[in-house]
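*Asks:* Before I ask anything, here is the structure I am working with.
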Amino acid sequence: MSSSESGGRVSSCQVEVENQGPLPPPSVPMTNMQTDGIKPLSGKPYFDVIISKTHLGPRYAVGPSGNICSTLPFVAVPTIINCRGKGWNMIYNGQNICKQFDRKGWGNFVKGNNLKLGDACVFELMEQSKDKIVFEVQILRGDFQFEFSGIGESEEMPVVLSEFPGTGERDAPFLID
């Protein structure tokens, strides 16, 4: 029904467009929500990591941060990291001062998901015992473009992140290098 047929009115649920050609392709890359099916967190404990050189080869070092460490066992525990319908086996080394996942398992996860500098991983603790730990991980790609030009491009205008709820980190704000 055209606006002339309805007395010149268009309801709030209808939009009338005449002579509309095909839409141009988007000028910005697709968001994580469109490509990766990012889901809301379930309310279980979680931590996040913004991927830096330390997390990538050859060191492949990463582990839980903040208060979540106190909820995990203080021993080596077989761990499964689920992401995008696939599981990666590794060991969580809770007995060490620096609590981390084993290098081989984490390295396989990095390679299998093509993680790059600036990507973010959100680890949600789904299951834990002294015999097994399970994390569900969501990856947010860091190749998005900033809406404000100049931010994060120099030391004079760094990207500053504040404390993230649920991480237990108290040393906010901090900088991404």
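The values are calculated or read from the model by the stated rules, or taken from the named source; none is laboratory data. Here the structure is a predicted model, which is why all the values come from computation and not from measurement. Neighbour counts are summed over all protein chains in view; Cβ atoms, including those assigned to glycine, are modelled from backbone coordinates with ideal geometry. With ligands, DNA and RNA removed, areas are computed over all heavy atoms of the protein, side chains included. Shrake-Rupley method; radii C 1.70, N 1.55, O 1.52, S 1.80 Å.
*Asks:* Could you list the residues of the stretch 88-104 with an amide nitrogen less than 20 Å from a label point located 7 Å from the Cα of residue 75 in the Cα-to-C-beta direction?
*Replies:* What the label zone holds, given the 20 Å backbone N cut-off, is 90-102.
*Asks:* Shifting gears a bit: Report ³J(HN,Hα) in whole Hz for each residue of the stretch 126-141, in order, from the Karplus equation J = 6.51 cos²θ - 1.76 cosθ + 1.60 where θ = phi - 60°; Gly and Pro get x.
*Replies:* So the Karplus estimates, Gly and Pro as x, are 9, 8, 7, 7, 6, 9, 6, 10, 10, 10, 9, 10, 10, 10, 10, 5 Hz.
*Asks:* What residues qualify as long-range amide H neighbours of residue 51, i.e. H under 5 Å apart, gap of 5 or more or another chain, H built at 1.01 Å from N?
*Replies:* Amide H neighbours of residue 51: 118, 119, 120, 121.
*Asks:* Let me ask something additional. What share of the DSSP beta bridges in the stretch 50-142 is antiparallel, in percent to the nearest 5?
*Replies:* 85 percent
*Asks:* What does the extension gain come out to for residue 114 and residue 53, with contour length at 0.36 nm per residue minus their alpha carbon separation?
*Replies:* Result for the pair: 20.6 nm of gain on full extension.
*Asks:* Using each residue's phi in the stretch 64-79, evaluate 6.51 cos²θ - 1.76 cosθ + 1.60 at θ = phi - 60° and report the 3J(HN,Hα) Karplus result to the nearest Hz, with x for Gly and Pro.
*Replies:* In residue order, the calculated couplings are x, 10, x, 5, 5, 4, 6, 8, 8, x, 9, 9, 6, 9, x, 10 Hz.
*Asks:* Sticking with this one: Accessible area of residue 70, 1.4 Å probe, to the nearest 10 Å²?
*Replies:* Accessible area, nearest 10 Å²: 80 Å².
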